[in-house]
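Before any comments, here is the structure.
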Amino acid sequence: MTKSWNKRNSNDYRSYRSVTLENGLSVLLIRDPEIAQSVAALSVSAGSFFDPPSIQGLAHLIEHVLFRGSKAFPQLDELNDYVSFNGGGEVNAHTELDHTTFSFALNSVKSEHLSGALERFAHQFIDPLMDKETLGREIITLESEFVNCKHTDAERLDQLMAHTSKAGHIFNRFTWGNKKSLSQVSLDELGEAAVKFFNDHYQASSMKLVVLGNEHCDTLERLVSQHFTLIHNGEGLKREIPMITQPWDPKMYTLESVQSNENVVITWMLPRNNQKMPETYLLRLLSNESEGSLCSFLKGKGWITSLNVDVGPVSGFSGIKSSSSYSSTYGSQLFRVDFEVTKEGLKQKYSLVHHLYQYINLLRGKIMDEYMEEYGDLQRMKFQSLYIDQKLISSFLQFAESLAGLFFNLISI
């Protein structure tokens, strides 16, 4: 099935086409005649939530392993080397709770270079090398990453959220993975589990692919069809999608900073509405720093130096940036208000939270209704000017990654 999109933005010079391959892979093709790169991102709806309880970190491990080589291209780091030798660029991947995203950006717009990169990229999902040697090597890499990241406050806060969630809740797990968590079984058993995880979850029907280049969509579609139709389609597999309930009881925790940060963070679990996204209105109002705002009031009291609000899902268009890997998944999302506080503000943390709830109550009713209308007008104006300048997209790699991830949240393309 092929479908070209009618542009809703008169300033958008790009062409768009959605394609569903014979194996069920959903593809979004974007032609940008002014781009100087060729970019692709593929998301698969399998992340750390699907780790076996006895092998926590398996999804993250597989993310690493898939980049190391395939039966068709067995050389170590073949895709990365190909990108480096054909104009340079970037290769990236990241594991979330409910999906994993792989991507590359090639500093070349030659069709043969894009074809070669797509071929190597596709074979990561067709016939990856998952031997014991590769698994063992990547466990060491994960251990190194874990040692480095555990000394950052953001990662420590994420893990606090995991450990303090209710027993048996799907959040109550160690998603990163390290040598200890991945050595609970033998290397042979780990290999069997990795192959099973890949076969169960890495199917074409569970994947979303975005390709961005300056070739015509006909050419992009031909290249995608040529290289990605061999991905296993996994017909008949039924996966249980976990329902997300409230992970925590109302409590306050104190986390000792390793980076000399002083913050008061309040987090709520909210339902997610991908069409109306009502939480964005609250985010904008709470983030407001003008006179009369919560931020202005608390700064005036000398309690805070900044106020940051974030909510999932992450969007390359909305400007919303989520700081937590737990931000958005399966119909739920975390809404977080983060106060960077002064010494006095830390002493007044209970009063600070009280003022936050007072402000939220103040926003109910007429004030919110008036703001929603004004905000809607501003967003429509912003949308009409969104694509005038390429500089509005700081990274085409991140742009493609965002689209591939958001693909799962869209009702229809």
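With touching a Ser or Thr at 6+ places or on another chain (Cβ under 7 Å), buried (at least 21 other Cβ atoms within 10 Å of the Cβ), on the phi > 0 side of the Ramachandran plot and not β-branched (Val, Ile, Thr) as the only criterion, which of Gly87, Gly57, Gly69 stands out?
It is Gly57.
Against the conditions (1) without any contact (Cβ under 8 Å) to a residue 24 or more places away in the chain; (2) over 25 Å from Val44 (Cα atoms), where does Ser183 fall short? Just the number, please.
Single failed check for Ser183: (1).
Give the range 187-203 a look and list any residue that's within 12 Å of Ile55 (Cβ to Cβ) and of a type outside the set (Lys, Arg), or say none.
Leu187, Glu189, Leu190, Gly191, Glu192, Ala193, Ala194, Phe197
What tally of residues in the range 163-185 results from selecting those that are outside any loop (DSSP other than H, G, I, E, B) and among the hydrophobic types (A, V, I, L, M, F, W, C)?
The qualifying residues number 1.
Out of the residues in the range 243-284 meeting the condition of being at pLDDT below 85 and exposed (fewer than 11 other Cβ atoms within 10 Å of the Cβ), tell me which one is farthest from the chain's Cα centre (by Cα).
Here the answer is Ser260.
Determine the pairs where a residue that is in contact (Cβ under 8 Å) with a residue 60 or more places away in the chain, located within the range 248-273, has a partner that is of a type outside the set (Val, Ile, Thr) and exposed (fewer than 11 other Cβ atoms within 10 Å of the Cβ) with Cβ atoms under 6 Å apart, the partner being 6 or more residues away or on another chain.
Val258/His151
Answer yes if at least one residue in the range 91-102 is over 30 Å from Ile35 (Cα atoms) and within 21 Å of the chain's Cα centre (by Cα), and no otherwise.
Looking for residues that are over 30 Å from Ile35 (Cα atoms) and within 21 Å of the chain's Cα centre (by Cα), one finds at least one in the range 91-102, hence yes.
Could you tell me which residue of the range 186-237 is farthest from Leu406 (Cα to Cα), considering only residues that are in a helix (DSSP H, G or I) and without any contact (Cβ under 8 Å) to a residue 24 or more places away in the chain?
Only one residue tops the list, namely Glu189.
Residue check, Ala122 against (1) touching a strand residue (DSSP E or B) at 6+ places or on another chain (Cβ under 9 Å); (2) assigned to a loop (DSSP other than H, G, I, E, B), all met but one. Which one?
Every listed condition holds for Ala122 apart from (2).
Give all pairs with beta carbons closer than 7 Å in which a residue from the range 150-163 that is in contact (Cβ under 8 Å) with a residue 24 or more places away in the chain meets a residue that is basic (Lys, Arg) and surrounded by fewer than 17 Cβ atoms within 10 Å (Cβ to Cβ); count only pairs at least 6 apart in sequence or on separate chains.
Cβ pairs passing all conditions: Arg156/Lys150.
Please verify whether the range 141-162 includes one or more residues that are under 21 Å from the mean Cα position of the chain (by Cα), closer than 26 Å to Leu187 by Cα and outside any helix (DSSP H, G or I).
yes
For residues that are in contact with a Ser or Thr (Cβ under 6 Å, 6 or more places away or on another chain) and among the aromatic types (Phe, Trp, Tyr), scanning just the range 169-221, find the one that is surrounded by the fewest Cβ atoms within 10 Å (Cβ to Cβ).
Selected residue: Phe174.
The values are calculated or read from the model by the stated rules, or taken from the named source; none is laboratory data. Model, not experiment: these values are computed from the prediction. Note: ideal-geometry Cβ built from the backbone for every residue, glycine included; neighbour counts use all protein chains shown.
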